[in-house]
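Novice: Encoded as structure tokens, here's the structure I'll be asking about.
The numbers here are math on the coordinates, done by the rules we state, and not lab data. Just so it is clear, the structure is predicted and the values come from calculations on it, not from any experiment. We place every Cβ from the backbone using ideal geometry, glycine too, and count neighbours over all the protein chains shown.
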Amino acid sequence: MSDAQLLELVDRRAFRRLFIDELGWNNPDHADMHFDVEGIEYNLTQIAGYKGLRIWFCPELPARRVQRVLDELIGQNSHERLIIFADDTHQEWRWPRKAQMGAANAKLLVHRYTAGLPDQHMANRLNAIAIDFDEDLSLIELLKRVRIAFDAEAEVASVQAARLMGVLYNELESAGTTEHEATLLLARLLFLLFGDDSGMWTPDMFGNFVTTQTDDANLAAQLSELFRVLDTDERKRTLDAESPLVPFRYINGGLFADESTIEKLTSNFRDALISACEFDWGIISPAVFGSMFQTVKNKEDRRRGGEHYTSERDILKTIGPLFLDEYRSRLEESWTDKKKLLKLHKDLGDLRFLDPACGCGNFLIVTYRELRALELDLLKQLREVDIAAGVQSIASRGQLSFDVTGDIKVTLDHFYGIELEEWPARIAETAMLLVDHLANQRMQQDFGLAPDRLPIMIAPTIVHHNALTMSWQDVLPSSDNTFVFGNPPFLGKEQRSAEQTAQMAAVWGNQYSGEMDFVTSWFIVAAEYLQGTKGRFAFVATSSISQGVVVAPLFRPLLALGWRIRFAHRSFIWTTEATGAAGVHCVIVGFDKEGSAPRLFEYESARGVPVEVREVESINGYLVASEALFIDERSQPLNSSIASNIRFGSMAADGGGFFLTAEDAEAALKNTSVAPYIRKFVGARELIHGTDRWCIWMPDRDESAIAGSALLTNHIEAVHTFRSEAKDANVRKDAASSHRFHRVKQPTTSYLCIPRHFSENRDFATVAYLDNLTIAGDANFTSPDPDGFLFAVISSRMFMTWQKAVGGRLRADLRFSSRLTWNSYPLPEISVGVRAALCDAAAGILSARAAHSGRSLAYLYSPLTMPSELVEAHVILDSITDALFGLNPESSLIDRQKRLFDLYVRISESSQLSIPTNVKPQRVTSVRR
């Protein structure tokens, strides 16, 4: 049946045919129900059902407060339910979303439908809950289908809303409006648009004002007058009784306080504003307002600021293990104990939250929403406990109003933010006010009454300032009940401005390391801010903070201050809600001084879902379930069996002057006087992908060859020009030797070539042997390996486990380091027999590769194309290596990591590599106070 035919059945209220004949539901299994509410009897008939979910129909459309009572009365006998209230023209469908209430927009609880009007959203919902004749859905699966359909509806609506805001901004920008003026105006309009559609006042009051009381020529002045009225107490207004502004309530809260300075708005702006008024803003969650507003800023602007906008899913990954999971557990544990419930409620009211890089407020919005939902569940349960104890009557469950508005302890003034830019700070303030309204709507549905927040008397504190140059204590004095969280800007040393680098140096003092990402500054400031309290903090950060040489400079000072890792999400591709933003490899790390057992979340794939690792005793700075220790660079290997003469390949520093096209190389090789100086060149890409590249290689200058070849002359002159103009003094110095590479490191014998970077998506390192006539560039490492032992070690799964755990990365790619990952590799002592077995296994791998000559390493080691005989050869090598480490092929990744770190501690000669548990915490020296 088509969507139009389905909607026709809805229009005719032919619900039994709709659900049973067309959507595949079952016949009703419950008798009609009759309830008296406020002296009026309501009859409800079950029209269909499926595995416990019953659909009820009421042939009347009572007030929402009456609907709420009827819904609750039916819920006493029909736990999972959908109720359709309808008169001849309008319908309201109350969907069963209890399991999602904490994360749902209250607007989505009731869906209004007008007969005769096209409604694709309703058609989508109906199609979502259709059950094929051969399907055997569980109740959970059916409810999930409905919720997914609603989420999709909200996502589509968010895109539409973003476009509307983008049009408004573009009109302001084209008219020369400053960003400050545009920020202020759009924040105000967003508040009014949302208020029109979310029950904050009479529906469409602002939209009707714009449509009927404004004109193209005077829109700016008319809006300014409205804003003045909204910021004036009703008792102090001097409006005529017939003024269209009289119905507007006093808002307060500072949102409309500043005088608008925009003198002229275009007719196109008014048209766009009317279009925005016609849109239903009530289905948009305030949690997406931030990312929605960022659609008017381009990607480069976000990159320069290091801004990333976090999805709700990743916010919950942060606040869940930091505090929310604990308070939810406490609610479950206190469920029937009034004393414990009251204690929990008091504790909720004592909590304070600070996001010192709050952006558009997503973290604060989601935290407030979740805690208000938790508090509401607590208040409802307190009522149930009182009923069970006889303090209240059972009838109080169904009474129209039950005043708990004075009992709310989770309030907006417990939430604080610091934001560098005015634009997102304004949006954060506005969105927090709106999410408070939604939370109050939900309370009204459950208790009949909710606090009237107009005029606004309670608001969050959002400070427009640089968080790294101010005292957080001035924003919120720290305490045992303070939680700090957020998503600070990510900027590597190449992306930071000089000012940002200076801020980092000031924050870190004598602990500063330029290798660390800008985001690390928030970690140390938070640690100092909460020092001496039982507060906690957690941040989303680039995965670089848990890799390579930056781990020790970050985590050593934090551990020295007495902090421990409370929880961590290991590297994953983090979903940003900002349009056009690239995926970023991130981690989430939370800290406390003491508490429950640490929690570690692992990802089977970078875009997968988190899986919690069980029985974790501690988490170290590499986000591995092991004791606190740091892997420092070493000049010599831990195990003397491993060669220590691994070094970089040769560096050209030529501006491309030494490199030839394939055509030029082919012609040069035919010239007997030039051919000795043309060599095959291998960088990391050529090594892994098997592509050909050619270079000029002339360690000693041959004047006659140069003079006799225009090709040599032209290329060497190009190198000379490049080096003469280079910024690096050492490169400029080598302009006099423009015939040769800047750094000549070519082995004199055949060698093992190791790329500096290789993909994390392969199970094994992509290394290979090259002859000494093939030039290895400095994107590779080289080492002699006459018996294949080094090849065997680096080709094992255990070495890749170590590389991924402690090595640095270039974005997602693994970064090999001779001094860090290789020299620190805790390879156990090896007998002569084991060494021979490893070398034999290495030979087997080379033989398996040779059977596929012409195939690149990228092909041979792709999980999708790796030949079976090569897989088997690596299995043989890994079985020997695993036995050497006391493991077996079934050992988990966590077991392997723990074994590697335990061995590192045991065989390391340095007593400074692990942090003793009895170290007295020392405060990190910092020039910022």
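Novice: Within the range 312-613, what percent of beta bridges assigned by DSSP are antiparallel, to the nearest 5?
Specialist: On the way: 18 of 35 bridges.
About 50 percent, rounded to the nearest 5.
Novice: If you don't mind, another one. How would D337, D592, D377, D436 line up from fewest to most surrounding beta-carbon atoms within 10 angstrom?
Specialist: Numbers: D337 12, D592 21, D377 17, D436 25.
The fewest-first ordering by Cβ neighbours comes to D337, D377, D592, D436.
Novice: May I ask you to sort E38, E384 by Cβ crowding, counting other Cβ atoms within 10 Å and putting the fewest first?
Specialist: Working: E38 11, E384 14.
If I rank by nearby Cβ atoms, fewest first, I get E38, E384.
Novice: Please state the charge dipole magnitude for the range 475-609, taken about the Cα centre, from unit charges on C-beta atoms (+1 on K and R, -1 on D and E), reported in debye and rounded to the nearest 20. Let's see the in-between values first.
Specialist: Details: 11 positive and 11 negative charges, 55 e Å.
Once rounded to the nearest 20, the dipole reads 260 debye.
Novice: As I understand it, the value is the acute angle between the Cα axis of helix 498-508 and the longest principal axis of the Cα atoms of the chain; what does it come to in degrees, rounded to 10?
Specialist: Relative to the chain, helix 498-508 is tipped by roughly 90 degrees.
Novice: Here's a follow-up. Using Cα centres only, tell me the gap between the range 776-846 and the range 530-559 in whole Å.
Specialist: The range 776-846 and the range 530-559 have Cα centres spaced 29 Å from each other.
Novice: Next question. Given charges of +1 on the Cβ of Lys and Arg and -1 on the Cβ of Asp and Glu, with all other atoms neutral, how large is the dipole of the range 651-744 about its Cα centre, in debye to the nearest 20?
Specialist: On the way: 12 positive and 13 negative charges, 64 e Å.
That gives a dipole near 300 debye.
Novice: Another question, if that's okay. Alpha carbon centre of the range 720-735 versus the range 211-285: separation in Å?
Specialist: After rounding, the separation between the Cα centres reads 64 Å.
Novice: Another question about this same structure. Tell me, what is the percent relative contact order of the chain, built from C-alpha pairs under 8 Å that lie six or more residues apart?
Specialist: Numbers: 1578 pairs, mean separation 80.3, N = 929.
Relative contact order here is 9 percent.
Novice: For D204, what is the net charge nearby, where nearby means another residue's Cβ is under 11 Å from its Cβ and Lys, Arg count +1, Asp, Glu -1?
Specialist: Working: positive: none; negative: D196, D197, E278, D280.
In short, -4.
Novice: So what is the calculated 222 nm ellipticity per residue for the chain, using -39500 (n - 2.57) for each DSSP H run with n of 4 or more, over all residues, to the nearest 500 deg cm²/dmol? Could you put the intermediate results ahead of the total?
Specialist: On the way: 29 runs with 354 residues, N = 929.
It comes out at -12000 deg cm²/dmol, rounded to the nearest 500.
Novice: What relative contact order, as a whole-number percentage, does the range 597-653 give when Cα pairs under 8 Å and 6 or more residues apart are counted?
Specialist: Working: 53 pairs, mean separation 11.5, N = 57.
Worked out over the range 597-653, it gives 20 percent.
Novice: Related question: Classify the range 312-613 from the C-alpha gyration tensor, please: rounded if a/c falls under 1.5, else prolate or oblate depending on whether a/b exceeds b/c.
Specialist: Details: a/c = 2.08, a/b = 1.77, b/c = 1.18.
Verdict is prolate for the range 312-613.
Novice: I've got another one for you. Any idea what the relative contact order of the range 152-268 is, in percent, if you count C-alpha pairs under 8 Å spaced at least 6 apart?
Specialist: Working: 83 pairs, mean separation 33.1, N = 117.
About 28 percent, as a whole number.
Novice: Once phi is turned into θ = phi - 60°, what whole-Hz ³J(HN,Hα) does the Karplus curve with 6.51, -1.76 and 1.60 give for every residue of the range 327-341, x standing for Gly and Pro?
Specialist: With coefficients 6.51, -1.76 and 1.60, one gets 6, 5, 4, 4, 5, 4, 5, 9, 3, 10, 10, 4, 4, 5, 4 Hz.
Novice: Among G486, A541, L143, which residue has its Cα positioned farthest towards the positive end of the charge dipole of the chain, with +1 placed on the Cβ of Lys and Arg, -1 on the Cβ of Asp and Glu, and the dipole taken about the Cα centre?
Specialist: A541
Novice: Quote the charge dipole size of the chain about the Cα centre in Debye, to the nearest 20; the model charges only the Cβ of Lys and Arg (+1) and of Asp and Glu (-1).
Specialist: 2920
Novice: Of H121, F19, I131, which is farthest towards the positive pole of the range 3-137's charge dipole, taken about the Cα centre with +1 and -1 on the beta-carbons of Lys, Arg and Asp, Glu respectively?
Specialist: Looking along the dipole axis, the top candidate is H121.
Novice: Using the number of other C-beta atoms within 10 angstrom as an exposure proxy, rank V793, V875, V37 with the fewest first. Mind showing how you got there, number by number?
Specialist: Working: V793 25, V875 12, V37 18.
Result, fewest neighbours first: V875, V37, V793.
Novice: Under 5 Å between amide hydrogens, which residues at least 5 positions from L53 or on another chain qualify, with H placed 1.01 Å from N in the peptide plane?
Specialist: Amide H neighbours of L53, under 5 Å, 5+ apart: none.
Novice: If you take every residue apart from L857 with its C-beta less than 13 Å away from the C-beta of L857, what net charge results, scoring Lys and Arg +1 and Asp and Glu -1?
Specialist: Numbers: positive: R685, R762, R849, R855; negative: E686, D763.
Every neighbour counted, the sum reads +2.
Novice: Under 13 Å from the Cβ of T177, count the other residues' Cβ atoms, weight Lys and Arg +1, Asp and Glu -1, and hand me the total. Let's see the in-between values first.
Specialist: Working: positive: K264; negative: E171, E173, E179, E181, E263.
Net charge around T177: -4.
Novice: Go through (i) 30.9; (ii) 32.3; (iii) 38.8 and flag the label whose value is the computed Kirkwood radius over Cα pairs in Å for this structure.
Specialist: Structure-derived value, by its label: (ii).
Novice: Tilt of helix 797-806 relative to the longest C-alpha principal axis of the chain, in degrees (0 to 90, nearest 10)?
Specialist: It works out to around 60 degrees.
Novice: Return one number: the angle in degrees, 0 to 90 and rounded to the nearest 10, between the long axis of the Cα atoms of helix 179-197 and the longest principal axis of the Cα atoms of the chain.
Specialist: Helix 179-197 sits at roughly 50 degrees to that axis.
Novice: Set Lys and Arg Cβ to +1 and Asp and Glu Cβ to -1, take the dipole of the chain about its Cα centre, and tell me which of I284, S198, S709 lies farthest positive.
Specialist: Farthest along the dipole direction, towards plus: S709.
Novice: May I ask you to order 471-481, 129-139 by the average number of other C-beta atoms within 10 Å around their residues, highest value first? Working shown, then result.
Specialist: Numbers: 471-481: 14.8, 129-139: 11.9.
By packing density, highest mean first, the sequence is 471-481, 129-139.
Novice: With 19 Å as the limit, write out which pairs from K338/K593; K380/K534; K346/K534; K343/K380; K339/K380; K338/K409 have Cα-Cα distances beyond it, or answer none.
Specialist: On the way: K338/K593 30 Å; K380/K534 30 Å; K346/K534 17 Å; K343/K380 15 Å; K339/K380 15 Å; K338/K409 17 Å.
Cα-Cα > 19 Å for K338/K593; K380/K534; rest within.
Novice: Next question, about the same structure. Out of the DSSP beta bridges found with both residues in the range 1-95, what percent are antiparallel (nearest 5)?
Specialist: 70
Novice: Run through the DSSP bridge list for the chain and note the antiparallel percent, rounded to the nearest 5.
Specialist: Details: 60 of 87 bridges.
Roughly 70 percent of the beta bridges in the chain run antiparallel, per DSSP.
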